[in-house]
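Below: the structure, in structure tokens.
The values are calculated or read from the model by the stated rules, or taken from the named source; none is laboratory data. Predicted model, so just to flag it, every value in this text is computed and none were measured. When we count neighbours, we look across all protein chains shown, and the Cβ atoms used for this are built from the backbone with ideal geometry, even at glycine.
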Amino acid sequence: MRLTTKGRFAVTALLDLAMQQSSRPITLADISQRQKISLSYLEQLFAKLRQSELVESVRGPGGGYCLAKDLSQVSVADIILAVDEPIDATQCGGKENCHNEGKCMTHDLWAKLNDLILDYLGAVTLKELVDNQQNDLEEDHIEEDHVPIFDMRRTTVA
């Protein structure tokens with residue numbers, strides 16, 4: 001299985017949207033700036049995410065995007081599949097024609113891997129990712145409260 005930039009960026013962008021979620025919609029320009037993802041690429045991804053009803057768009061001044069579902073109802077698999085990212089480790093796309101129009105010897109191995117990956121990504125929700133990010137930010141904030149002490153006696157002046 002190869003997860004491409006499309007799937008990675010879609011998950012990152014929706015996580016960013018979920019982290020910024022407030023009473024106002026979030027613009028793609030804001031997500032683009034924070035995550036260093038091309039605005040035009042985000043527009044393409046969000047068109048697909050909107051078609052899959054994972055996000056809603058708000059037009060006009062103060063417009064942007066909001067999540068269409070509760071964080072606990074959106075899985076990573078939902079996001080990846082919404083942007084047409086196949087989760088498939090087989091060479092045949094599951095058609096069982098990988099070796100001389102028949103099933104190759106390792107087809108079942110890769111098909112089982114597909115199932116495991118899809119099950120895992122389906123079990124990870126945006127809520128879980130947001131909670132993990134917030135915990136990381138809280139830990140980072142605690143470390144920022146500590147002021148480093150420098151031994152100025154060993155500093156040379158040029």
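Yes or no: residue 69 of a type in the set (D, E, K, R), out of contact with any Cys (no Cβ under 6 Å at 6 or more places or on another chain) and not assigned by TED's automatic domain parsing to the domain that holds residue 30? Even if it seems obvious, please write down each step before you answer.
Values: of a type in the set (D, E, K, R): yes; out of contact with any Cys (no Cβ under 6 Å at 6 or more places or on another chain): yes; not assigned by TED's automatic domain parsing to the domain that holds residue 30: no.
Answer is no for this residue.
Hey, does the stretch 32-39 have a residue that's closer than 23 Å to residue 122 by Cβ and charged (D, E, K, R)? Reasoning before the result, please.
Residues of the stretch 32-39 that are closer than 23 Å to residue 122 by Cβ, as a first pass: none.
No.
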Check 43, 56 and return the single one that is exposed (fewer than 13 other Cβ atoms within 10 Å of the Cβ), of a type outside the set (Phe, Trp, Tyr) and either farther than 20 Å from residue 87 by Cα or assigned by TED's automatic domain parsing to the domain that holds residue 75 (or both). 43
